Each structure stands twice: as C-alpha cells, then as structure tokens.
1. Of everything in the stretch 110-124 that's touching a residue at least 40 places away in the same chain (Cβ under 8 Å) and not in a loop (DSSP other than H, G, I, E, B), which residue is farthest from the ligand (Cβ to nearest atom)?
2. Can you tell me which of (1) surrounded by fewer than 18 Cβ atoms within 10 Å (Cβ to Cβ); (2) in contact (Cβ under 8 Å) with a residue 40 or more places away in the chain is the one residue 228 doesn't meet?
3. Specify which of the listed residues (169, 141, 235, 190) is over 29 Å from residue 103 (Cα atoms) and touching a residue at least 12 places away in the same chain (Cβ under 8 Å).
4. Scan the stretch 122-137 and give yes if some residue there is over 20 Å from residue 218 (Cβ atoms), under 19 Å from the mean Cα position of the chain (by Cα) and of a type in the set (S, T, N, Q), otherwise no.
5. Name the residues in the stretch 155-177 that are farther than 25 Å from residue 4 by Cα and among the aliphatic types (A, V, I, L, M), would you?
6. Testing residue 107 on (1) of a type in the set (S, T, N, Q); (2) within 16 Å of the ligand (Cβ to nearest atom); (3) in a loop (DSSP other than H, G, I, E, B); (4) touching a Ser or Thr at 6+ places or on another chain (Cβ under 9 Å), one condition comes back false. Which one is that?
7. Might you check whether a residue that is touching a residue at least 60 places away in the same chain (Cβ under 8 Å), surrounded by fewer than 19 Cβ atoms within 10 Å (Cβ to Cβ), in contact with a strand residue (DSSP E or B) (Cβ under 6 Å, 6 or more places away or on another chain) and not aromatic (Phe, Trp, Tyr) occurs anywhere in the stretch 45-57?
8. Would you point out which residue out of 130, 178, 182, 163 is surrounded by 11 or more Cβ atoms within 10 Å (Cβ to Cβ), among the small types (Gly, Ala, Ser) and without any contact (Cβ under 8 Å) to a residue 40 or more places away in the chain?
Amino acid sequence: MRYRFISDLHLDETRPDLCQGFFSYLARIQKDTDRLYILGDLFEAWVGDDDLTDFNQSVIDQLKNLTDSGVSLFLMHGNRDFLLLDDFAKATGGALISDPFVLETQSTKILLSHGDSFCTDDVEYQAFKANIRKEESIQFLLSLPLSERKKMAKQLREDGKKATANKSLEIMDVNQQAIVDAFFAHQTPLMIHGHTHRPNIHTHTINTIDHFRYVLGDWHEVGYEIVLESDTINLITFRLEDQHVTERQSHRRQ
Ligand SMILES: [Mn+2]
C-alpha cells in the first residue's frame, strides 16, 4: 500500500510551470499509488464548480486520468478552495473528505487536516473563517453571479496579503495547545497537515508519549509530498521541472 499526501499547490492559470509540474507529478505517481490525498488549497482560488475555464477543466481532466487509472483520490478543503464541491469531486472521480478527517490504516490512525484550524493565535482569521464557512454564507456566495464571485475572491486575496504582512511569524503558525488538543480529541499518534508552508516533522510529547506531526510545504519551484507505505512515512521534496527528489526526511512509525 502506498498513500500520498499533498497540499497547498495554489494552482493558478498565471503559473503554467507550476501546473505543468503538477501534471508531471500525477503522471509519475499513477503506477505506484493506491491513494492520493489533497489536503486543501489545490487552487489559489476556487469560486465555484461552475467556473469551468479551460485551465480549471485541464486540472479536472488530469485528475480524472489519475482516478481512471485506478488511484483513489480524496479532496479536503483549504481556506482558498472551500467552494470546491460535489460537482468538482464527481468530475475528477474523487471524493470530498471533511476537515479534520481520521484515516485508519491497518496498523494506525492518522489525523488529516488542512491546518488552518490550528492557527488559533490568528484570532482575526478564525473569526472570518467561522463566518464565511457557515452553510448560509456558502449558499449566499454560490447564489452570486460567477463574475461577482471572481471579483470577491480577488479582493479577498489582496486583503489577505495585507493582513499577512502585518502579522508575526508566530501568529501565522499553529498554536501548540491546539495541536495537543487535536491529538487528544482524535486519539491518533500521527497527524498530517499543510497550510503553514513550513514543511517539517515535529515530535509532540504528550503524557510521555511521542506524537508525530508531519507538515507539508507549498509548491513553487519544488513540490512536497508525504508518502506513507508499510511502516515508514517520508516527507519528500522534489523539483517540479524534472520531478527529481532533492530531499527525503524518513521516519519509521512507532
Ligand atoms: Mn491554506
């Protein structure tokens, strides 16, 4: 069994190199992957499944190729693509999963999350999220014309950049207590998330027991993936251009 996890690709039609790197990745993993989990922010922005630009359709087509070849695809929302819904999932042959999601394998349980819910020090963001992710807000957004949604998404990204520039690095990272609480609530020894763009493997000792948190990175010239197979988990960095692996952090599960 080989499961792969990626997040924070931030695909956008203004970045064809990034998109090409993703398509090369999908082609590369097709033969030796049982499941691909995309843990949010696949797109820089997603304003609704009705936004079928050529670019969006090309991403859908490539994901459909992957699932047609026998790889199971699981999609989690990020903070930028929470309007990605059933039509998109169906078109790709994938399935939406909730955040958080507990993945049970034969030998362990792993908590999967996009990661933004752990950034509790960013009070302003959490308040915004609580509001915009309500069912009625989502229904309202989807009722707006596509052009209106695109305008809003652009504005939100600009506001987000300004807000981010004024926040300290600590505020933008996960809160340690939020991580401990999540491990405790879901009773898993392992966790995988993205969002913070700080790829790493962290150990959290809780009641003398080591818990491990694997953090994915955002894709730019390099991509990041976490690969779970039998009793090892690898955090792998690879160049998008030629898919060459440049770094591999290996970890044997307890
Ligand atoms: Mn994110």
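1. 110
2. Residue 228 satisfies all of (1) surrounded by fewer than 18 Cβ atoms within 10 Å (Cβ to Cβ); (2) in contact (Cβ under 8 Å) with a residue 40 or more places away in the chain except (1).
3. Details: 169 fails: touching a residue at least 12 places away in the same chain (Cβ under 8 Å); 235 fails: over 29 Å from residue 103 (Cα atoms); 190 fails: over 29 Å from residue 103 (Cα atoms).
Answer to the check: 141.
4. For the stretch 122-137, residues over 20 Å from residue 218 (Cβ atoms), under 19 Å from the mean Cα position of the chain (by Cα) and of a type in the set (S, T, N, Q): present.
5. Answer for the stretch 155-177, where residues must be farther than 25 Å from residue 4 by Cα and among the aliphatic types (A, V, I, L, M): 156, 163, 165, 169, 171, 172.
6. With respect to (1) of a type in the set (S, T, N, Q); (2) within 16 Å of the ligand (Cβ to nearest atom); (3) in a loop (DSSP other than H, G, I, E, B); (4) touching a Ser or Thr at 6+ places or on another chain (Cβ under 9 Å), residue 107 is out only on (2).
7. no
8. 163
The values are calculated or read from the model by the stated rules, or taken from the named source; none is laboratory data. All of these numbers come straight from a predicted model, not from anything done at the bench. Note that each Cβ is placed from the backbone with ideal geometry, even for glycine, and that neighbours are counted across all protein chains shown.
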